[in-house]
Amino acid sequence: MARAGDELVNPATGLRTVFRETAQTTGGELLQVDWIGRPGWTTGPDHVHPRQEERFEVLSGRLGLRVAGAERSHGAGDAIVVPKGVAHAAWNAGDGEVHVLVAFKPALRTEIAFETLAGLARDGRTTRAGVPRDPLQLALVLREFEDEIYFVRPPLAVQRMILGPLALIGRGLGYRAEYPYHQGVRDAVANAGEGSAVR
């Protein structure tokens, strides 16, 4: 589980995520992160957070945001709230990095979803768009985090019909829905404290 100050780097999407507040520090009320996206970064297709409000505050650069089908470009100082259940997508709309403070209320398990996708990308298990390559892994992740996020297309009922059986097969074959990002680093630091060298 992420801690305040932890940083994820997703090599597939080019997004850096720095955790400011986590579910642990806020009693589950809030997840707050800095997103620093390189040119070309996007959250992907339109998606929905069925139980969470998402707030974007642009700190620098240009953020493109499509909310309920309406597209706008936002600059430093702009703050946009996307209510729960509203379809949206975000992207870097400028030529340089975009830096956005993003808050999810409540936190739910969103930080674990972020760690999972960044960990899979770090280990070369995603496409260049950051999507898990293995269909069984993809199905398991999407089903596991459906309370946090789902895609607008195809309709959710169709997604459930397709992903449900694939997720069951994946779980039966030993796939994990959660894929830790920081575990290896923390183990190495713990071992170093016991006299092992960290390289």
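Of all accessible surface on the chain at a 1.4 Å probe, what whole percent is carbon and sulfur?
Details: 5470 of 10210 Å².
The computed percentage sits at 54.
Shape call for the range 58-166 from the C-alpha gyration tensor, a ≥ b ≥ c root eigenvalues: rounded (a/c under 1.5), prolate (a/b greater than b/c) or oblate?
Details: a/c = 1.99, a/b = 1.53, b/c = 1.30.
Judged from the Cα gyration tensor, the range 58-166 comes out prolate (a/c at least 1.5, a/b above b/c).
Give, as a single signed number, the net charge of other residues whose beta carbon lies under 9 Å from the beta carbon of VAL81, with Lys and Arg counted +1 and Asp and Glu -1.
Numbers: positive: ARG55; negative: GLU53, GLU54.
In short, -1.
How would you classify the range 5-124 from its alpha-carbon gyration tensor, with a ≥ b ≥ c the square roots of the eigenvalues: rounded for a/c under 1.5, else prolate if a/b is greater than b/c, otherwise oblate? Walk me through the numbers on the way to the answer.
Values: a/c = 1.43, a/b = 1.10, b/c = 1.30.
Judged from the Cα gyration tensor, the range 5-124 comes out rounded (a/c under 1.5).
Give the accessible surface of the chain per residue, rounded to a whole number of Å², with probe radius 1.4 Å and ligands, DNA and RNA excluded.
Details: 10210 Å² over 199 residues.
Normalised by residue count, the accessible surface of the chain is 51 Å².
The values are calculated or read from the model by the stated rules, or taken from the named source; none is laboratory data. Owing to the predicted nature of the structure, the values given are computational and were not obtained by experimental measurement. No Cβ is skipped: glycine too gets one built from the backbone with ideal geometry, and neighbour counts run over all protein chains shown. To get the accessible areas, we keep the full protein, side chains included, count just its heavy atoms, and leave off ligands, DNA and RNA. Shrake-Rupley method; radii C 1.70, N 1.55, O 1.52, S 1.80 Å.
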